[in-house]
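Asks: This is the structure I have questions about; it appears just below.
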Amino acid sequence: MSTKDGGPVVCYSCNSPIQGRILTALDKKWHPEHFTCNTCRKPIDCAKFHQHDGGVCCVPCYTNHHSPRCHGCGDPITDRVIQALGVSWHAHHFVCGGCKKELAGGGFSEQAGRPYCSSCFADKFAARCAGCGSPIVDKAIIALDAKWHRDCFTCKKCRKPVTDPTFTVMDNKPVCGKCA
């Protein structure tokens, strides 16, 4: 074999002329046995390889030594990587800490390093309304040493929402100015 200028084709690795089979990769010519993985040093004889730190890596070495590891299972991630909470996850391992629903592509809240869907986060960690006992996930009224949904902060007597900043208290429940 020869180059366009008539000279022999030279191996990028050993700088010797190549007789016989030529491997072309990364815009360079190689003896097939000289195109090797930087990690295991074995020849890369398939079309798939990875470039890493200025060299090449066979697929198994790249997967075992350089792929991100899933925070959920510890195995290498070879396809879609979810980056969340400062770590990497397989999409099927990035799940709600409550209901175990996959969270990839959706919103989530974090508690103690674990992701939760909005429903489970509210059920497990949100403040509870002193009126109905349900989680408060939006604005709250803070009164009588408790938090209340706006619609739950009602007069003990007439059951209408207490909207005045002043009210009286009966049995630790608000009483509007009209009923007081």
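Asks: So V87 clears everything in (1) of a type in the set (V, I, T); (2) modelled with pLDDT under 90; (3) more than 30 Å from P32 (Cβ to Cβ) except one condition, right? Which one?
Replies: (2)
Asks: Listed residues V169, V175, V162; which is β-branched (V, I, T) and surrounded by fewer than 17 Cβ atoms within 10 Å (Cβ to Cβ)?
Replies: V169
Asks: Among the residues of segment 29-58, count how many are within 27 Å of A91 (Cα to Cα) and surrounded by 15 or more Cβ atoms within 10 Å (Cβ to Cβ).
Replies: Summing the residues that are within 27 Å of A91 (Cα to Cα) and surrounded by 15 or more Cβ atoms within 10 Å (Cβ to Cβ) in segment 29-58 gives 5.
Asks: Considering segment 120-142 alone, what residues qualify as being of a type in the set (G, A, S) and within 26 Å of the chain's Cα centre (by Cα)?
Replies: Once the filter is applied, which keeps residues that are of a type in the set (G, A, S) and within 26 Å of the chain's Cα centre (by Cα), segment 120-142 yields A122, A126.
Asks: Moving on. Has segment 51-69 got any residue that is farther than 30 Å from K28 by Cβ, modelled with pLDDT of 90 or more and either part of a loop (DSSP other than H, G, I, E, B) or in contact with a His (Cβ under 8 Å, 6 or more places away or on another chain) (or both)?
Replies: Checked against the condition, which is being farther than 30 Å from K28 by Cβ, modelled with pLDDT of 90 or more and either part of a loop (DSSP other than H, G, I, E, B) or in contact with a His (Cβ under 8 Å, 6 or more places away or on another chain) (or both), segment 51-69 yields no hits at all.
Asks: For the condition closer than 30 Å to V81 by Cα and either of a type in the set (K, R) or without any contact (Cβ under 8 Å) to a residue 60 or more places away in the chain (or both), what is the one hit in A112, A130?
Replies: Testing whether each residue is closer than 30 Å to V81 by Cα and either of a type in the set (K, R) or without any contact (Cβ under 8 Å) to a residue 60 or more places away in the chain (or both) leaves just A112.
Asks: A further question follows. Name the pairs: first residue in segment 57-80 and within 21 Å of C96 (Cα to Cα), second residue among the acidic types (D, E) and loosely packed, with under 13 Cβ neighbours inside 10 Å, Cβ to Cβ under 9 Å, at least 6 apart or on different chains?
Replies: Hits for this filter: R69/D75.
Asks: Among the residues in segment 147-168, are any touching a Lys or Arg at 6+ places or on another chain (Cβ under 6 Å), hydrophobic (A, V, I, L, M, F, W, C) and free of Cβ contacts under 8 Å to residues at least 24 places away in the same chain?
Replies: No, segment 147-168 has no match at all.
Asks: How about segment 120-157: which of its residues are under 23 Å from D171 (Cα atoms) and assigned to a helix (DSSP H, G or I)?
Replies: Residues satisfying the conditions are R150, D151, C152.
Asks: Then there is this: Look at segment 122-147 and say how many of its residues are more than 27 Å from F108 (Cβ to Cβ) and either touching a Leu at 6+ places or on another chain (Cβ under 8 Å) or buried (at least 17 other Cβ atoms within 10 Å of the Cβ) (or both).
Replies: 3
Asks: Can you pull out every residue in segment 113-148 that is within 30 Å of S88 (Cα to Cα) and either touching a Cys at 6+ places or on another chain (Cβ under 9 Å) or of a type in the set (S, T, Y) (or both)?
Replies: R114, P115, Y116, C117, S118, S119, C120, F121 - these are the residues of segment 113-148 that are within 30 Å of S88 (Cα to Cα) and either touching a Cys at 6+ places or on another chain (Cβ under 9 Å) or of a type in the set (S, T, Y) (or both).
Asks: Would it be correct to say that P76 is surrounded by 15 or more Cβ atoms within 10 Å (Cβ to Cβ) and under 30 Å from D164 (Cβ atoms)?
Replies: no
The values are calculated or read from the model by the stated rules, or taken from the named source; none is laboratory data. None of these values were measured; they are calculated from a predicted model. Heads up, the Cβs are rebuilt from the backbone with ideal geometry, glycines too, and the neighbour counts pull from every protein chain shown.
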